[in-house]
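In what follows, a structure is listed as structure tokens, so that the remarks can point back to it.
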């Protein structure tokens, strides 16, 4: 039994193969996924060759202390925007000297956010030689299912960004 499903394992293996071949590294700044993105990337043998590090930046304090995010961008916070997440990813990538960083933040559930956003919504960002951002809404309030879905979507976004940079 694995804590990752088959798609997550395949995505992590594909990502690892691509970045190892190019001598690149990855950092992770994740929130709602609670370490699952990092765990997926670390599940691949040889991860020390490409995994620069990361953190679960679930709170404002962790975002500023671990990732070096500018606290001013969180004044009057009403939910994570793509711009905020891109900035967070850039901060973590710079802090760890990585080629890439994938960042994720959302609402796993079972309740929605203070600003009215529904459970099952997340924002993801990849920064590096190619930058991408995406929102996902699962329509579900199941916390564990959403965490898994957010992990898969974040890995897909990272894989697709890396693949497009290799062309």
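The values are calculated or read from the model by the stated rules, or taken from the named source; none is laboratory data. This structure is a prediction, so every number in the text was calculated from the model and none was measured. Virtual Cβ from ideal backbone geometry, glycine too; neighbours counted across all protein chains shown.
Across region 84-141, what is the number of residues that are assigned to a helix (DSSP H, G or I) and within 14 Å of the chain's Cα centre (by Cα)?
10
Go through (1) over 21 Å from residue 6 (Cβ atoms); (2) modelled with pLDDT of 95 or more for residue 41 and report which single condition fails.
Residue 41 satisfies every listed condition except (1).
For region 12-49, name all the residues that are out of contact with any strand residue (DSSP E or B) (no Cβ under 9 Å at 6 or more places or on another chain), in contact (Cβ under 8 Å) with a residue 60 or more places away in the chain and surrounded by fewer than 24 Cβ atoms within 10 Å (Cβ to Cβ).
12, 14, 18, 22
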